[in-house]
Amino acid sequence: MTTPKSTVAEPMGEKPVGSLAGIGDALSKKLEERGFDKKYVVPGQFLVLKKHEDLFREWLKDTCGANAKQSRDCFGCLREWCDAFLLCSLGTPQPPATA
């Protein structure tokens with residue numbers, strides 16, 4: 001299983017969804033059945049849910065049956081990835097864009 005640190009240290013690329021932290025073989029099969037077949041697809045759902053921990057973890061539980069530890073690990077790795085690679089990190093207000 002992938003750890004949050006290894007997710008942050010490498011590009012998402014075309015890796016299978018099972019390479020996300022907290023997502024093993026059983027969960028990845030369920031996610032793939034629902035169209036979340038690649039590692040890069042799940043951060044899209046994470047962002048659609050506005051990086052809200054409770055909403056994302058509940059979505060993961062409902063979508064593939066993730067338990068508390070699995071959903072916490074996956075949320076943590078996606079939060080760290082977003083903090084490292086996106087301009088809008090959690091809890092850090094961004095200055096407004098200037099025209």
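The values are calculated or read from the model by the stated rules, or taken from the named source; none is laboratory data. This is a predicted model, so every value here is computed, not measured. When we count neighbours, we look across all protein chains shown, and the Cβ atoms used for this are built from the backbone with ideal geometry, even at glycine. Calculation scope for accessible area: heavy atoms of the full protein, side chains included, ligands and nucleic acids excluded. Shrake-Rupley method; radii C 1.70, N 1.55, O 1.52, S 1.80 Å.
Condition check ((1) surrounded by 16 or more Cβ atoms within 10 Å (Cβ to Cβ); (2) modelled with pLDDT of 95 or more; (3) closer than 21 Å to Phe85 by Cα; (4) not hydroxyl-bearing (Ser, Thr, Tyr)) across all residues:
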{"site": "Ala9", "(1), (2), (3), (4)": "no, no, yes, yes"}
{"site": "Glu33", "(1), (2), (3), (4)": "no, yes, no, yes"}
{"site": "Val48", "(1), (2), (3), (4)": "no, yes, yes, yes"}
{"site": "Lys61", "(1), (2), (3), (4)": "no, yes, no, yes"}
**Q.** Pick from segment 76-90, criterion in contact with a Leu (Cβ under 8 Å, 6 or more places away or on another chain) and open to solvent by 30 Å² or more (accessible area, probe 1.4 Å), ranking: modelled with the highest pLDDT
**A.** Arg79
Q. What are the pairs, 6+ residues apart or on separate chains, where a residue within segment 22-41 that is among the polar types (S, T, N, Q) has its Cβ under 9 Å from a residue that is open to solvent by less than 40 Å² (accessible area, probe 1.4 Å)?
A. Ser28/Val17; Ser28/Gly18; Ser28/Ser19; Ser28/Leu20; Ser28/Phe36; Ser28/Cys64
Q: Being among the small types (Gly, Ala, Ser), in contact with a strand residue (DSSP E or B) (Cβ under 9 Å, 6 or more places away or on another chain) and modelled with pLDDT of 85 or more narrows it down to one of Ser19, Ser28, Ser71, so name that one.
A: Ser28
